[in-house]
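Visitor: Right, I'll just put the structure down here and ask away after.
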Ligand code: SF4
C-alpha cells in the first residue's frame, strides 16, 4: 500500500478542539476542490509505502497522527488506518466532507466548502465542524450538516496574517448564535508550522 505524501512534519495542532496538542501531520497530495482562500500547497507528492511513513514518524515521541491535505480521504483507506492503529497511533483527519471517512479514525474535523446538503449522508457525525469565514459570509445551516458538539468559526487569515475585521465579524456572529465558538489559527499567530 502506497501513499502520495506531500509532507510530514511534527508540530502542535494549531486550531480546533485539539489546539495545542503535539501531532504528527501527514499531508497527502491532491484535492478534489479548489477553494479561493486555500493556503496549502498540496499538489506535489512523493510515493511512500506505509512502512516508509511509519519509519519516518516513529522518530517523534508522539502517538497522534493528523491526516490532512489536500483531501486525505482521496487516498486513505480503512486498511491504512488499521495499519497505524496497530502501531499504537491515534488518528485525526481534516476533511472537506465530500467523501466518506475511513473506519478507525479517532477524531474527525469536517470543514465543508461545497455541497453542504450531501455531507451528513457521507459523514453523519463528527468531532468538530470548522468553517473558515470572512466578513460578510453567511453562517451555514447546521440543521443539514453532520452532528457534532463543536461548531467552530475560523476567521480567514491573509498571507499568514490575522485580519481583525474577520475576527470581529466572527465574534459578532458567535454573540448572536452561541452554538458557535471561535477557532483562531494559533499556529499562524505564534509562527509555527
Ligand atoms: S478543500 Fe481544503 S485543501 Fe482543498 S482546495 Fe479547499 S481549502 Fe484547499
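Visitor: At a threshold of 8 angstrom on Cα-Cα distance, excluding pairs fewer than six apart, so keeping six or more, what relative contact order does the chain reach in percent?
Guide: 18 percent
Visitor: Neighbouring Cβ atoms within 10 Å as the yardstick, rank 186, 46 fewest first.
Guide: The order, fewest Cβ neighbours first, is 46, 186.
Visitor: Against the longest principal axis of the chain, how steep is helix 164-176, in degrees 0 to 90 to the nearest 10, with axes from Cα atoms?
Guide: It is inclined by approximately 70 degrees.
Visitor: In nm, what is the difference between 0.36 nm times the number of residues separating residue 158 and residue 134 and their Cα-Cα distance?
Guide: Gain on extension, residue 158 to residue 134, equals 7.6 nm.
Visitor: Another question, then. Between residue 117 and residue 87, what FRET efficiency follows from the Cβ-Cβ distance if R0 is 41 Å, with the result rounded to 0.05?
Guide: 0.65
Visitor: Using a 10 Å cut-off around each Cβ, can you sort 35, 62 from fewest to most neighbouring Cβ atoms?
Guide: 35, 62
Visitor: By count of other Cβ within 10 Å, fewest leading, how are 123, 57 ordered?
Guide: 57, 123
Visitor: Here's a follow-up. Based on the Cβ-Cβ distance of residue 78 and residue 189, what FRET efficiency does E = 1/(1 + (r/R0)^6) give at R0 = 41 Å, to the nearest 0.05?
Guide: The pair residue 78/residue 189 has a calculated efficiency of 0.70.
Visitor: Let me ask something else about it. Could you tell me what % of all Cα pairs in the chain have separations over 21 Å?
Guide: The calculated P(r) of the chain puts 51 percent of pairs beyond 21 Å.
Visitor: What FRET efficiency would be calculated for the residue pair residue 41, residue 19, taking the C-beta separation as r and a Förster radius of 22 Å, to the nearest 0.05?
Guide: After rounding, the FRET efficiency stands at 0.45.
Visitor: For the range 1-108, just say rounded, prolate or oblate: build the C-alpha gyration tensor, square-root its eigenvalues into a ≥ b ≥ c, call rounded for a/c under 1.5, and beyond that prolate if a/b exceeds b/c, oblate if not.
Guide: Rounded shape, in that the Cα axes give a/c under 1.5.
Every number here is computed from the coordinates shown, using simple stated rules; none is lab data. Since we're looking at a predicted model, the values are computed, not measured. Backbone-built Cβ (ideal geometry, glycine too); neighbour counts: all protein chains shown.
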